[in-house]
Each structure stands twice: as C-alpha cells, then as structure tokens.
Amino acid sequence: MTSLSPSSLSRIRIGSAPDSWGVWFPDDPQQVPWQRFLDEVADSGYEWIELGPYGYLPTDPAVLAEETARRGLKVSAGTVFTGLHHGEAVWDKTWAHVSDIAALTQAMGARHLVVIPSFWRDDKTGEVLEPSELTAAQWRDLTSLTERLGHEVRERYGLTIVVHPHADTHIDSEENVTRFLDGTDSDLVSLCLDTGHYAYCGGDSVKLIETYGERIGYLHLKQVDPEILADVRAKGTPFGPAVAQGVMCEPPSGVPALGPVLDAAQKLDVDLFAIVEQDMYPCEPDKPLPIARRTRAFLRSCGA
C-alpha cells in the first residue's frame, strides 16, 4: 500500500470506540462491561475514544473523567440519534436526547457530536418502519432542522455536529449524501464520513473527500467485506443481520483501502479525528482486543 510518510499524517488523530468492542446499546448482556472496554482500548494503543451509546460509559462527568484519565484516554465525541425528517413535531424529544449527551461531551473536553439519522428499518429485526426514500417536504425538514440542531449545539455547548451517513438510513448513498450536503449550510453542518458505511452504500470515500473536503469534519475508519456485501445486497439483508454476518471486517482485508483515505484527509490540511469503528455486534468478549491491537499496528504502518 502506498501512503504518505509517517510524519506527514500529522493532522490525523487516531482513536477507537465502544462499537469496535461490539457495543451498540447502553446495556446489553452480550456486551463487555465498560471497565473492560476502557482497559482494552488503552492497552491497544489508542489515546482517543468516543462515548458510544449514552449510558454505556458512566454519565457522571467526574467519574468518567477519572476513569479515562487514569488510563491515559481522552474523549473525541459523543453520539446522538435523530429523526429530524419527521419535522417540528419531534424537535422537543430530539433536543431532550441531544442535550444530555452534549452536556457530557462538553464536560469531557470533546468538541464534536456525531449525529446518526434514524433507521428506516429496524437494525435488529429488519422490520420496515417507514419508506426508504424521503419526500421533498421531508428533505426540507431534515436539512432545516439539522441546521437548527447545529446552531443550538454550538451556541449552548460549543460543539460542532458531524452528520454520519449510515446504512439503512436516508443519508446513505452518494446521491443522498451529496443532496444533504448541498441542502445544508456548511457553517452549521459538517460530515462524519464513515468509510465502511459509505462503501456499503456504494460510495467512494476518497472522491467524497476530494469533492466536499471543506464539509468533512470527522472520520470513522471502517471496511466492508466485498463478498459478504454482494450477498447482503443480493438478498436485501438489513444492516443488523449483515453485521452479524461479518459484513464489516478487520482492516486491511476489506474496502475501501484506508491508506488513500488517510492521505486524502491529510491533504485537507485540517486537524481531523479518525476513529476506528468495526461493527461487531454481537461478538465474543475475547474477540475485540486482538483485532484492536492489529488494527492500531496497521494504521501506524499507514503513517497514522
């Protein structure tokens, strides 16, 4: 793999997330305890983490600050889930969800809030919850309320929102991602480019960085297994079961190649977090640590 020299990826800050330990929910018997996640992510050589699903890690800032600091860890972002295409009727409920997480994110010294759109089909059961395509009115609600969210989060908590294109949501393919970017104010709304989800939905991460570089505010590093993805697409498998099937795989065995993505991101000449997220829910508790160590070593070989 050709990549820039190690010193030249100086603008990229690498981290990992509870997701890479099979954590999707605040509390689930199939997930490792939060103490083990913190121990193992630090042992793997990562310095930065995300909060993951709110309530998985301690929500008391004093407790979380102590637990992360003694392991040499810092928080890069919190994560929220939104369904803003449903319009003003969901704003109050959305803000109640966002404000708690934004407050904890701010208290931990982080500057980013990852915003994930709601799923149009259930990620566990595959049940279709609503149409997979938005109407023109729903697009207007999605873009205008996301701008409002960006404004409110910045004014009240000093955070930047980074919207995460995601499989089985309405912001997924290149067409929908570019429509969303073209329809939102660059001063209020940035993008969290997840390389795995974008490839899952047929997009080219390097092309997106080169075309919309000023909108890229954050990265999630992830790869998909092309053979499993082909089967998933052919059968219309929902995202949750696709993950259980192994569609998101350990780098560097999948696509996209992460070296070129990191090189393209470095050329933007801005400081960017690049957080490893290998969707593995559910997984055996002993599986994540060796993968995390190998992935960190691989990213170092790319210069990150």
Largest first and in whole Å, give the semi-axes of the range 156-304's equivalent ellipsoid, each being the square root of 5 times a Cα gyration tensor eigenvalue.
-> 24, 19, 14
Percent relative contact order for the chain, counting Cα pairs under 8 Å at least six residues apart, stands at 26 percent
Between residue 148 and residue 35, what is the spin-label point distance in nm, taking each point 7 Å from the Cα along the Cα→C-beta axis?
-> 4.4 nm
Using a probe of 1.4 angstrom, how much of the accessible area of the range 177-304 is carbon and sulfur, in percent?
-> 49 percent
Per DSSP, loop trypsin sites (Lys or Arg not before Pro) in the range 68-111 with at most 12 further Cβ within 10 Å | 70
Computed [θ] at 222 nm, helices only, for the chain once each DSSP H run of length n ≥ 4 contributes -39500 (n - 2.57) | -12000 deg cm²/dmol
Compute the distribution of all C-alpha to C-alpha distances in the range 34-118, in bins of 10 Å from 0, and list the percent of pairs in each, rounded to whole numbers.
-> 17, 47, 25, 10, 1
To the nearest 20 debye, the chain has a Cα-centred charge dipole, built from +1 on Lys and Arg Cβ and -1 on Asp and Glu Cβ, of 740 debye
What are the lysines whose alpha-carbon lies under 27 Å from the alpha-carbon of residue 287, with same-chain residues fewer than 8 places away excluded?
-> 74, 124, 222
May I ask for the Rg/Rh ratio of the chain, computed from Cα atoms with Rh as the Kirkwood radius, given to two decimals?
-> 0.93
Per the Cα gyration tensor, the range 1-152 corresponds to an equivalent ellipsoid with semi-axes, largest first in Å, of 30, 19, 17
Can you put 301, 44 in order of accessible area, largest first, using a 1.4 Å probe?
-> 301, 44
Express in whole angstrom the spacing between the alpha-carbon centres of the range 111-166 and the range 254-273.
-> 24 Å
Ranked from the most accessible area to the least, with a 1.4 Å probe and all protein chains present, what is the order of 182, 122?
-> 182, 122
Could you tally the net charge around residue 238, taking each other residue with its Cβ under 9 Å from the Cβ of residue 238, Lys/Arg +1 and Asp/Glu -1?
-> -2
Could you check how much of the accessible area of the range 4-65 is carbon and sulfur, as a whole percent, using a 1.4 Å probe?
-> 54 percent
Residue-span extension gain [residue 71 to residue 294] - 0.36 nm each, minus C-alpha spacing = 78.3 nm
For the chain, build the charge dipole from Cβ charges (+1 Lys, Arg; -1 Asp, Glu) around the Cα centre, then report which of 22, 8, 145 sits farthest towards its positive end.
-> 8
Within the chain, longest stretch clear of exposed GluC sites (Glu not before Pro) (DSSP loop, no more than 16 other Cβ within 10 Å) | 134-304
In whole angstrom, how far apart do the alpha carbon centroids of the range 1-70 and the range 170-215 sit?
-> 24 Å
What does the accessible area per residue of the range 12-302 come to in Å², with a 1.4 Å probe and no ligands, DNA or RNA counted?
-> 40 Å²
Which one of 104, 42, 81 is farthest out on the positive end of the charge dipole of the chain, using unit charges on Cβ (Lys, Arg +1; Asp, Glu -1) and the Cα centre as origin?
-> 42
Provide the percentage of antiparallel DSSP beta bridges, counting only those with both residues in the range 12-302; round to the nearest 5.
-> 15 percent
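The values are calculated or read from the model by the stated rules, or taken from the named source; none is laboratory data. Everything quoted here is computed from the prediction, not taken from an experiment. Glycine also receives a Cβ, built like all others from the backbone with ideal geometry; neighbour counts cover every protein chain displayed. Areas reflect the complete protein model, heavy atoms only, side chains present, ligands, DNA and RNA absent. Shrake-Rupley method; radii C 1.70, N 1.55, O 1.52, S 1.80 Å.
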